[in-house]
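Every number in this text was worked out from the coordinates using simple rules, so none of it is lab data. Source: prediction; values computed, not measured. Virtual Cβ from ideal backbone geometry, glycine too; neighbours counted across all protein chains shown.
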Amino acid sequence: MEKIITKAFPMYNPIGEEEAQAAAAVVRTGILSDFLGKHSEKFGGGKNVLELEKNWAEYHHVKHAISFNSATTALLAGLGALEVCPGDEVLVIGYSMCISATAPLFYGAIPVFVDIEEDYYCMDPVKIEDKITPRTKAILPVDLFGQSSDMVKINAIAKKYNLKVLSDTSHAPGCRYHEGFAGTFADVGVYSLNQHKIIHCGEGGIAVTNDDEIALRLQLIRNHAEAVVDDMGYYNLTNMVGGNYRMTETEAAIAIEQLKKLPALIESRINLANYLSEKLSKLEYLTVPKVRENAEHVYYLYPLRYDEDKAGLCREQYVENIRKLGIPLYRLAGGYIKPLYLEPIFSKKEQLKHGYPYRLLKDNEQPNYSRGICPVTEKFYDKEFIVTAYTYPPLTKSDMDDIVKVFDKAATMR
Ligand SMILES: *Cc1c(COP(=O)(O)O)cnc(C)c1O
């Protein structure tokens, strides 16, 4: 079979000369990090960290932005700041990067899986109330693939049951939603700045909140709270064991430059994805991503649904054909990722029943992590999803045309 795409697509690389110079300028000062883990001027970090946080908050129209050394640590601090405690239940989705579901375990809390929407692939608000129990403390939706969860409905449920909301917005920095931005409608929203994200500084994360006390708690957990609270005179000690979750000055300087590039990077992604969607929607066996009303999708990833019956070809064969025609798909074998509750840390919970943190629960309170608990997620994983990452600059509309040719041709290869 002759390939349609003969050259590998260029890698995505948002880093340029501006970042190189910003990093070099920090290195020349000799101060690569400017935090002190005590109640002092340096408790909140150095010049670049503070500037990044100010710029991030302004950009996203939110009161506080707190930088971290990853989104992982920002999510952990978020749960801590929201006073999630041992035995609490946290509602999560099973179709995301692992920390979106494992984070509660760090506080001895119990992840409870909620299925995702058929149309937009984020946590399905319709399925949340069924999962709420007297132990439920927080909801942790993920702005999957680059668009906001349905925060209007999720916040209404949170209000009704007095729950906290922590949004994992790693995929959607700068993404418009209603009158604001994805991530800022939750009690805490978290963005990732790791190497693979739309903008990055190698490793990094940002947590945002409009609440002054939550902002302080995030800072405390980031930077050795236990050694700070007494001198600071802060005495809500729940979860006030801190870590070193601090971002370096070098990373912050790079992230400052990256944030300036975010609007243009998002615009290119949206243009490429819209163009691709227009063409691919003509293939009757594909469903292109749908964008929520009054919101934007920034296409960190570009998810397609594939209808085996309409195409008359199983997904694995179709994907294999696509690969033969020259497109290395993001997740080759199956739809995106294995549902997280099928990973051993959850699925082999029987072994952990007497271990951490499940020993806190009686037998009849143990969560269900078996196949079948999230049928939509499983259907996408088993049969329907094909996720690509090729809606980034410097790819062009002509590259999108090639992708369309491949997706069309692949269905004819038996
Ligand atoms: C990348 C990612 C994370 C973790 O980000 P790090 O900065 O690597 O810790 C969390 N959640 C989602 C959805 C992600 O894609």
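Considering each of 138, 77 in turn, give the residue that is within 15 Å of the ligand (Cβ to nearest atom), within 22 Å of residue 213 (Cα to Cα) and in contact (Cβ under 8 Å) with a residue 40 or more places away in the chain.
Going through 138, 77 in turn, the sole match is 77.
Would you check which residues across segment 205-249 are among the aromatic types (Phe, Trp, Tyr) and under 22 Å from the mean Cα position of the chain (by Cα) and list them?
Hit for segment 205-249 is 245, nothing else.
In segment 5-33, which residue that is hydroxyl-bearing (Ser, Thr, Tyr) and either part of a loop (DSSP other than H, G, I, E, B) or under 26 Å from the mean Cα position of the chain (by Cα) (or both) is surrounded by the most Cβ atoms within 10 Å (Cβ to Cβ)? Working first, answer last.
Applying the first criterion (hydroxyl-bearing (Ser, Thr, Tyr)) to segment 5-33 yields 6, 12, 29, 33.
Those still in the list that are either part of a loop (DSSP other than H, G, I, E, B) or under 26 Å from the mean Cα position of the chain (by Cα) (or both) too: 6, 12, 33.
Details: 6: 8, 12: 18, 33: 20.
The selected residue is 33.
Could you please give the count of residues in segment 74-133 that are closer than 15 Å to residue 158 by Cβ, surrounded by 23 or more Cβ atoms within 10 Å (Cβ to Cβ), touching a Leu at 6+ places or on another chain (Cβ under 8 Å) and of a type outside the set (A, V, I, L, M, F, W, C)?
1
Only one of (1) within 30 Å of residue 135 (Cβ to Cβ); (2) among the hydroxyl-bearing types (Ser, Thr, Tyr); (3) outside any helix (DSSP H, G or I) is not met by residue 390, so which one is it?
(1)
Among the numbered criteria (1) within 14 Å of the chain's Cα centre (by Cα); (2) in a loop (DSSP other than H, G, I, E, B); (3) closer than 17 Å to residue 68 by Cβ, which single criterion is violated by residue 202?
(1)
Would you please name the residue that is nearest to the ligand (Cβ to nearest atom), looking only at residues in segment 186-223 that are within 22 Å of residue 128 (Cβ to Cβ) and buried (at least 24 other Cβ atoms within 10 Å of the Cβ)?
190
Looking at 67, 100 in this structure, which one is assigned to a strand (DSSP E or B) and touching a strand residue (DSSP E or B) at 6+ places or on another chain (Cβ under 9 Å)?
Of 67, 100, the one residue that is assigned to a strand (DSSP E or B) and touching a strand residue (DSSP E or B) at 6+ places or on another chain (Cβ under 9 Å) is 67.
State all residues of segment 40-62 that are in a helix (DSSP H, G or I) and hydroxyl-bearing (Ser, Thr, Tyr); if no residue qualifies, say none. Talk me through it step by step, then tell me what you get.
Start the filter on segment 40-62 by keeping residues that are in a helix (DSSP H, G or I), which leaves 41-44, 47-59.
Once the filter is applied, which keeps residues that are in a helix (DSSP H, G or I) and hydroxyl-bearing (Ser, Thr, Tyr), segment 40-62 yields only 59.
Name the residues in segment 290-313 that are in a loop (DSSP other than H, G, I, E, B) and away from the ligand (no atom under 16 Å from the Cβ), would you?
Within segment 290-313, the first condition is being in a loop (DSSP other than H, G, I, E, B), and the residues that meet it are 290-294, 296, 298-301, 307, 312-313.
Hits for segment 290-313 are 290, 291, 292, 293, 294, 296, 307, 312, 313.
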